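The values are calculated or read from the model by the stated rules, or taken from the named source; none is laboratory data. None of the values given here were measured: they were computed from a predicted structure. Note: ideal-geometry Cβ built from the backbone for every residue, glycine included; neighbour counts use all protein chains shown. Only protein heavy atoms, including side chains, enter the accessible area calculation; ligands, DNA and RNA are left aside. Shrake-Rupley method; radii C 1.70, N 1.55, O 1.52, S 1.80 Å.
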Amino acid sequence: MNLKTAKYFGASLLVTLFSAGSALAQSSTPDFTTTTTVPQPSPIVSLVELLIFAIVVAGMWKVFIKAGQPGWAAVIPIYNVIILLKVAGKPLWWIILLIIPLVNIIIGVLVGLAVAKNFGKGAGFGIGLIFLPFIFYPILGFGDATYQGSAAPAPIA
């Protein structure tokens, strides 16, 4: 490569870099001409969600009491899962499996089936506990089902 070719190559490389750099440069001033608004849920939807949550918590509270566990545990996140595992008679380390995506669905179904079994209910009721908890936990908690676990787990204090 001679000197004339090198100069041409260097100059074309600089022109390419600077033109690409200016094409990719962004304006430092914000553009407020387009705004996006996030739709807010209606108050009715929020009240329905709150009502469903309250129904599930009340049903789970009663289920925990029937199983000899503290009812207030139903309102404490993560702790309620620990108590639910105790009611189901499953080991505590299953909480790790509940963190893993897709595995948590299988473990959730197994826990629901075990809770239903420990209350003398069938597999269909256990599936209902997982997929329709706002219906099945109140039925289990406020109904006449009694805890029939092999040994009532000791409450965690």
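If you scan region 80-98, which residues turn out to be of a type in the set (Lys, Arg) and surrounded by fewer than 16 Cβ atoms within 10 Å (Cβ to Cβ)?
none
Which of the residues spanning region 43-97 are of a type in the set (D, E, K, R) and touching a residue at least 12 places away in the same chain (Cβ under 8 Å)?
LYS62, LYS66, LYS86, LYS90, listed by residue number.
Quick check: is even one residue across region 111-122 aromatic (Phe, Trp, Tyr) and exposed (fewer than 15 other Cβ atoms within 10 Å of the Cβ)?
No: region 111-122 contains no residue that is aromatic (Phe, Trp, Tyr) and exposed (fewer than 15 other Cβ atoms within 10 Å of the Cβ).
Which of the residues spanning region 55-79 are under 16 Å from LEU140 (Cα atoms) and open to solvent by 50 Å² or more (accessible area, probe 1.4 Å)?
Within region 55-79, ILE55, TRP61, LYS62, ILE65, LYS66 meet the criteria.
Pick from region 123-138 the residues that are surrounded by fewer than 16 Cβ atoms within 10 Å (Cβ to Cβ) and of a type outside the set (Gly, Ala, Ser): which of them is nearest to the chain's Cα centre (by Cα)?
Among residues in region 123-138 that are surrounded by fewer than 16 Cβ atoms within 10 Å (Cβ to Cβ) and of a type outside the set (Gly, Ala, Ser), the one nearest to the chain's Cα centre (by Cα) is PHE131.
Suppose the filter is surrounded by 12 or more Cβ atoms within 10 Å (Cβ to Cβ), in contact with a helix residue (DSSP H, G or I) (Cβ under 6 Å, 6 or more places away or on another chain) and within 28 Å of VAL48 (Cα to Cα); does TYR147 pass it?
No; evaluated as a whole, the condition is false for this residue.
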